[in-house]
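**Q** Take a look at this one; I'll ask things after.
The values are calculated or read from the model by the stated rules, or taken from the named source; none is laboratory data. What you are looking at is a predicted structure, and each value in this text was computed from that prediction instead of being measured. Here the Cβ positions follow ideal geometry from the backbone for every residue, glycine too, while neighbour counts run over all protein chains shown.
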Amino acid sequence: MIVNTSSVAARTVARGGSLSHYGAAKAAVTHYTRDLAAELGPAGIRVNAIAPGVMLTARVKSLAEERGIGVASEAKHVPLRRLGEAEDCAGVVEFLVSDLSRYVTGQCISVCGGATLTPA
């Protein structure tokens with residue numbers, strides 16, 4: 001099995017289009033995941049992806065104020081009212097690499113607390 005990492009930026013537009021290059025690259029990862037799933041499926045190889053939202057990694061925390069990404073005020077726009085932690089992604093990856101997802105392929109699962117459901 002293969003698990004790629006895309007981003008919610010592949011499906012949404014950042015304020016002012018400031019991440020257009022990043023969103024386009026991650027959209028390519030999502031499409032590559034789907035194509036590869038179709039190609040490798042007959043060999044029994046599952047290919048999926050995760051699409052994280054804002055994750056509070058050490059890097060994001062250190063640059064939050066400067067970049068305006070990962071700041072506490074963003075959480076109010078997320079239906080679960082918090083930003084993500086690395087463990088949130090790890091749980092989805094664990095599902096995708098386990099037999100619990102044995103009939104799942106070609107999917108890109110958002111791990112964003114519902115952030116893509118609401119306008120910014």
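**Q** Do you know which residues across the stretch 70-92 are of a type outside the set (Gly, Ala, Ser), buried (at least 16 other Cβ atoms within 10 Å of the Cβ) and either modelled with pLDDT of 85 or more or within 16 Å of the chain's Cα centre (by Cα) (or both)?
**A** Val78, Leu83, Asp88, Cys89, Val92, listed by residue number.
**Q** Ok, one more. Just name the residue that is modelled with the highest pLDDT out of those in the stretch 14-57 that are within 23 Å of His77 (Cβ to Cβ) and among the hydroxyl-bearing types (Ser, Thr, Tyr).
**A** Once the filter is applied, the top-ranked residue is Thr30.
**Q** Please go through the stretch 102-117 and pick out each residue that is in a loop (DSSP other than H, G, I, E, B) and not aliphatic (A, V, I, L, M).
**A** Arg102, Tyr103, Thr105, Gly106, Gln107, Cys112, Gly113, Gly114
**Q** Next question, about the same structure. Taking the stretch 1-17, which residues are closer than 30 Å to Asp99 by Cα and of a type in the set (A, V, I, L, M)?
**A** Met1, Ile2, Val3, Val8, Ala9, Ala10
**Q** Looking at the stretch 21-53, which of the residues that are farther than 14 Å from Arg11 by Cβ and of a type in the set (Val, Ile, Thr) is surrounded by the most Cβ atoms within 10 Å (Cβ to Cβ)?
**A** Residue satisfying both the conditions and the ranking: Val47.
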